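All remarks here apply to the structure that follows.
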């Protein structure tokens, strides 16, 4: 009985640690992206407030909308954490926010454009329903990559490609900016979070400067076979 109790205690501790890591990743991705946009827009507003008041008002509107959305997400997170604390020693996986996925990439691109970086979104292959963990992870990888473009690349445009293959999903974000620097994206927690997400899905992640200039993030995530596809033969 003591051995069983010890095992149960260890399982609970591991469940708590796993949930906290998940929450940490979600909070980082959500807050880092929003704060990056707010910082850019605040800089724009302060520079043009005297000479271009209309553009300054637009920047303030973006800051207000982004702040409200982020605060709403943080509030949902705190509520879910309090509910998990009251539910007993073994926390249940609780949603931090309405599920995000690749269907939201265009909205993400629009928010990034408000921060001064135009995003060209390209989709290849037959779009279809994805497993929720793959869909969310792919979206978060795009979000983090765009955050790094806004904060570090020093460019006005980038490209997001989403390729729905039969066996894997390829998500690629490229820009023509300054590439990696001493305090650039390869040295932050964002890339670490990307690697964790991809690793949990048994995928592959490639991150680094491009030979022709700029930076590239590419994630390959395994997919289940499409419905109706012939079974693989040995």
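Do the conditions hold for residue 122, that is, is it surrounded by 13 or more Cβ atoms within 10 Å (Cβ to Cβ) and either touching a strand residue (DSSP E or B) at 6+ places or on another chain (Cβ under 8 Å) or modelled with pLDDT of 85 or more (or both)?
On the way: surrounded by 13 or more Cβ atoms within 10 Å (Cβ to Cβ): no; either touching a strand residue (DSSP E or B) at 6+ places or on another chain (Cβ under 8 Å) or modelled with pLDDT of 85 or more (or both): yes.
The answer is no for residue 122.
Determine whether segment 20-35 contains at least one residue that is modelled with pLDDT of 75 or more and farther than 25 Å from residue 153 by Cβ.
Checking segment 20-35: not a single residue is modelled with pLDDT of 75 or more and farther than 25 Å from residue 153 by Cβ.
Within segment 137-152, is there a residue that is at pLDDT below 85 and within 17 Å of residue 214 (Cβ to Cβ)?
The initial filter retains those residues of segment 137-152 that are at pLDDT below 85, namely 151-152.
Remaining after also requiring within 17 Å of residue 214 (Cβ to Cβ): 151-152.
The answer is yes, given that some residue of segment 137-152 is at pLDDT below 85 and within 17 Å of residue 214 (Cβ to Cβ).
What do you reckon, is residue 88 in contact with a helix residue (DSSP H, G or I) (Cβ under 9 Å, 6 or more places away or on another chain), on the phi > 0 side of the Ramachandran plot and either at pLDDT below 70 or in the same structural domain as residue 172 (by TED's automatic domain parsing) (or both)? Let's see the steps before the verdict.
On the way: in contact with a helix residue (DSSP H, G or I) (Cβ under 9 Å, 6 or more places away or on another chain): no; on the phi > 0 side of the Ramachandran plot: yes; either at pLDDT below 70 or in the same structural domain as residue 172 (by TED's automatic domain parsing) (or both): yes.
In short, no.
Please pick out the residue among 198, 171, 217 that is farther than 12 Å from residue 148 by Cα, modelled with pLDDT of 90 or more and crowded, with 19+ Cβ neighbours inside 10 Å. Please lay out each step first, then the result.
Working: 198 fails: modelled with pLDDT of 90 or more; 217 fails: farther than 12 Å from residue 148 by Cα.
Going through 198, 171, 217 in turn, just one is farther than 12 Å from residue 148 by Cα, modelled with pLDDT of 90 or more and crowded, with 19+ Cβ neighbours inside 10 Å: 171.
Tell me which residues, restricted to segment 146-170, are closer than 16 Å to residue 101 by Cβ and either touching a residue at least 60 places away in the same chain (Cβ under 8 Å) or not assigned by TED's automatic domain parsing to the domain that holds residue 210 (or both).
146, 162
The values are calculated or read from the model by the stated rules, or taken from the named source; none is laboratory data. For clarity, every value in this text was computed on a predicted model and none was experimentally measured. Cβ coordinates were reconstructed from backbone atoms using ideal geometry, including for glycine residues, and neighbour counts include every protein chain displayed.
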